[in-house]
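The values are calculated or read from the model by the stated rules, or taken from the named source; none is laboratory data. Given the structure is predicted, the values throughout are model-derived calculations rather than measurements. Neighbour counts run over all protein chains shown; Cβ positions are idealised from the backbone, glycine included.
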């Protein structure tokens, strides 16, 4: 109870399935029904002016997050307030009227994970954890390593051993401990759950396991920023990548909070979910009309989305259906083509996950599920520099020549 | 003359050596004395409030740059307003009292080059150039490719063929033409100068050759941002990497402008220049007490600083001496150690150029040239993801194990 003031407007944890409420604590599953816990709030009055006078990072929304009022003053990575790029060139190529790219590669470690980790770090501090940990498909490991270094915490992160080289380096360069696991992400994740129950894991805050309810709230800031950057307006349509599905559910939660608090006008919006064909359990369930998501073994270049057993899959299905959206998937070649299309039209070099989102967007326009005349926001959640292999075969010099005009003429004469 | 309104407060080009003035145009060298041309201004009244109400990118300083007043509305990369990180952990390790890292890896293509290219794009538009070009050690090529894509211009960039893999990919992924040159950066640069005199180069704006006077002004925004982010105050000391030396001279120019316009209080400040030992012509001249910089053939892992014949070398010497600063250099192993130190203490993963700056800072503290009690800003101008090789030998998993508690215990039992 005494701790609750350190979590700002957050007042409890609440089971998303059965509604049972719990005190704020390092818990993530309901002991009644095993449903996932999420943060419940009692918001005070929040005005646009309050927010606009805040820092140019996620802490401008601190009154909507489970963090103390002085959060911005503690050592942290200051994530967020990334660019919302008006993508007129890309819109032209896709035959769309009004398209924006929310480009989260601008975060400190160049993925949206900096947002969620920043909230988890605050929870870890409040609960007295001294080691920050996670299971990760790569981006999260880097975000945890960097945030722990800045905050003065130890870190130990667990990743599938077959990750991209760049993500391995980034996960270990910050001086924490990186452990490669021979297995899929889902196996890494299960291992972390075991570790929490073991004495080895005492004093460890696993950002996406025992700190997950807090961590997940960080994704709401994507919704807040998009609305504020559009001039306090929710877009008509949004396309979001799905790994665990948490990000999508929290963006929906963020939009609903903005409406409830009167910060934006109430409106209908449609949420679309994007997966890679090589790891498309939610898309498969959506197309089959199922409510249950059948786990798969991932095989795709979009490794940051390679979660075969997505915890929030059923909620994604529900939101896509309720809002009039859809769930779609694209092949690896379509992902690569989309990365190149975004770079060529807007100068944004996306990670494979960004390629998934744009590839799906293109497909949804072509098959008529996305309205090309409605205001649309698509997410790029990561940085192309971390998944170079996806494009390095084609992104080569047009020629290598000696430094002479003759050599240039010979190479490029028509 | 009619064009001058399109360049905002810029009124002329002026020779830095003999002072001869020229109309605004795509020219870079004085026809009287071959000295470099730079932009001259007549500033109107500029207030802190004007600037603070501007966008969170370099265009908040548009009234101090050679750009039209509506520059922010045109398709551009919106660079700048990167984080000034209060580096208390790092300061503690170095025995310093007040240390900040200006982290330009937060720019759209993750180096400070986005700043200078954004100004050059405006000049290219004004002069009717249809192809954006450059000679580059890597970062600039990516920045030009991305900015041209966003602006709807063609691009053709020239790089030494032996560049880092990541920089090759980034230079070509945006769909422009990348040409590798068998030679050093200085040979690439000379080749570009030839190309400008040739019919092949008509309608080509080389951002760092015939657009150089405009381009170079973009670095002033680093000075503006640092001062504004400190609460409108110039730091006591600043450490800046030196490739061509242009950035350092323009940061000095920016500070002087802020003082002249009354935006900050007048004060003494000391400017320190950082080079890699394997390409240290300015440092060598400084230590020998020379005014002339002798060209060298670069051999260093800090490829983005590998300019053996730095155009602004003599000006760097002059500024370091005039302000009571110094020029220093560090070895490749010192660069790597500094990259790891910055990552471990502050969660900032710097490019080799950032390692050069921190390595030199550490050396200057140790040899007593930098005052550890004075407010100090150091620059990280690029992103570690682009120079992974520098750290990849050491940044490895602590272990690769099966997903079991037993395997974890075996690997990490003390």
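Values as computed for the structure displayed
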{"item": "Residue list for region B:337-354, restricted to those being assigned to a loop (DSSP other than H, G, I, E, B) and touching a residue at least 24 places away in the same chain (Cβ under 8 Å)", "result": "B:348, B:349, B:351"}
{"item": "Condition met for residue A:56 (surrounded by 24 or more Cβ atoms within 10 Å (Cβ to Cβ), closer than 30 Å to residue B:54 by Cβ, under 23 Å from the mean Cα position of the chain (by Cα) and within 11 Å of chain B (Cβ to nearest Cβ))", "result": "no"}
{"item": "Identity of the residue in region B:167-188, facing chain A (nearest Cβ under 7 Å) and surrounded by fewer than 23 Cβ atoms within 10 Å (Cβ to Cβ), that ends up nearest to residue A:386 (Cα to Cα)", "result": "B:175"}
{"item": "Qualifying residue in region B:189-199 (condition: at the interface with another protein chain (Cβ under 9 Å from one of its Cβ atoms), without any contact (Cβ under 8 Å) to a residue 12 or more places away in the chain and within 23 Å of the chain's Cα centre (by Cα))", "result": "yes"}
{"item": "Selection from region B:354-388 of residues that are over 21 Å from residue B:229 (Cα atoms) and out of contact with any helix residue (DSSP H, G or I) (no Cβ under 8 Å at 6 or more places or on another chain)", "result": "B:360, B:364, B:366, B:367, B:368, B:369, B:371"}
{"item": "Test: residue in region A:329-336 that is assigned to a loop (DSSP other than H, G, I, E, B), more than 25 Å from residue A:169 (Cβ to Cβ) and at pLDDT 95 or above", "result": "yes"}
{"item": "In region A:1-24, the residues that are within 20 Å of residue A:205 (Cβ to Cβ), surrounded by fewer than 19 Cβ atoms within 10 Å (Cβ to Cβ) and modelled with pLDDT of 95 or more", "result": "A:12, A:22, A:23"}
{"item": "Selection count where residues are under 19 Å from the mean Cα position of the chain (by Cα) and either over 15 Å from residue B:316 (Cβ atoms) or surrounded by fewer than 18 Cβ atoms within 10 Å (Cβ to Cβ) (or both), scope region B:230-252", "result": "3"}
{"item": "Subset of region B:334-344 (residues that are more than 21 Å from the chain's Cα centre (by Cα) and within 17 Å of residue A:114 (Cα to Cα))", "result": "B:344"}
{"item": "Evaluation of residue B:118 against (1) within 14 Å of the chain's Cα centre (by Cα); (2) surrounded by fewer than 24 Cβ atoms within 10 Å (Cβ to Cβ) (one fails), failing number", "result": "(2)"}
{"item": "Lone qualifier among B:318, B:312 - being under 22 Å from residue B:280 (Cβ atoms), out of contact with any strand residue (DSSP E or B) (no Cβ under 7 Å at 6 or more places or on another chain), buried (at least 19 other Cβ atoms within 10 Å of the Cβ) and outside the structural domain of residue B:167 (by TED's automatic domain parsing)", "result": "B:312"}
{"item": "Out of A:374, A:390, sole residue that is closer than 24 Å to residue A:239 by Cβ, at pLDDT 95 or above and either within 11 Å of another protein chain (Cβ to nearest Cβ) or in contact with a strand residue (DSSP E or B) (Cβ under 8 Å, 6 or more places away or on another chain) (or both)", "result": "A:374"}
{"item": "Verdict on residue A:409 being surrounded by fewer than 20 Cβ atoms within 10 Å (Cβ to Cβ), touching a helix residue (DSSP H, G or I) at 6+ places or on another chain (Cβ under 8 Å), within 12 Å of chain B (Cβ to nearest Cβ) and at pLDDT 95 or above", "result": "no"}
{"item": "Selection status of residue B:379, in a strand (DSSP E or B), touching a strand residue (DSSP E or B) at 6+ places or on another chain (Cβ under 7 Å) and farther than 18 Å from residue A:146 by Cα", "result": "yes"}
{"item": "Residue identified as in contact (Cβ under 8 Å) with a residue 60 or more places away in the chain and in a helix (DSSP H, G or I) among B:411, B:390, B:374", "result": "B:390"}
{"item": "Flag if residue A:344 is at pLDDT 90 or above, within 30 Å of residue B:106 (Cβ to Cβ), touching a helix residue (DSSP H, G or I) at 6+ places or on another chain (Cβ under 7 Å) and facing chain B (nearest Cβ under 10 Å)", "result": "yes"}
{"item": "Test set (1) within 8 Å of chain A (Cβ to nearest Cβ); (2) free of Cβ contacts under 8 Å to residues at least 60 places away in the same chain; (3) within 30 Å of residue B:357 (Cβ to Cβ) - residue B:141 fails condition number", "result": "(1)"}
{"item": "Given (1) facing another protein chain (nearest Cβ under 9 Å); (2) farther than 30 Å from residue A:56 by Cβ; (3) out of contact with any strand residue (DSSP E or B) (no Cβ under 8 Å at 6 or more places or on another chain), index of the condition residue B:107 fails", "result": "(2)"}
{"item": "Qualifying residue in region A:152-159 (condition: under 15 Å from residue B:385 (Cα atoms) and facing chain B (nearest Cβ under 7 Å))", "result": "no"}
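For every residue, the table says whether it meets (1) closer than 22 Å to residue A:91 by Cα; (2) in contact with a helix residue (DSSP H, G or I) (Cβ under 9 Å, 6 or more places away or on another chain); (3) buried (at least 24 other Cβ atoms within 10 Å of the Cβ); (4) not assigned by TED's automatic domain parsing to the domain that holds residue B:308.
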| residue | (1), (2), (3), (4) |
| --- | --- |
| B:127 | no, yes, no, yes |
| B:137 | no, yes, yes, yes |
| B:141 | no, yes, yes, yes |
| B:151 | yes, yes, no, yes |
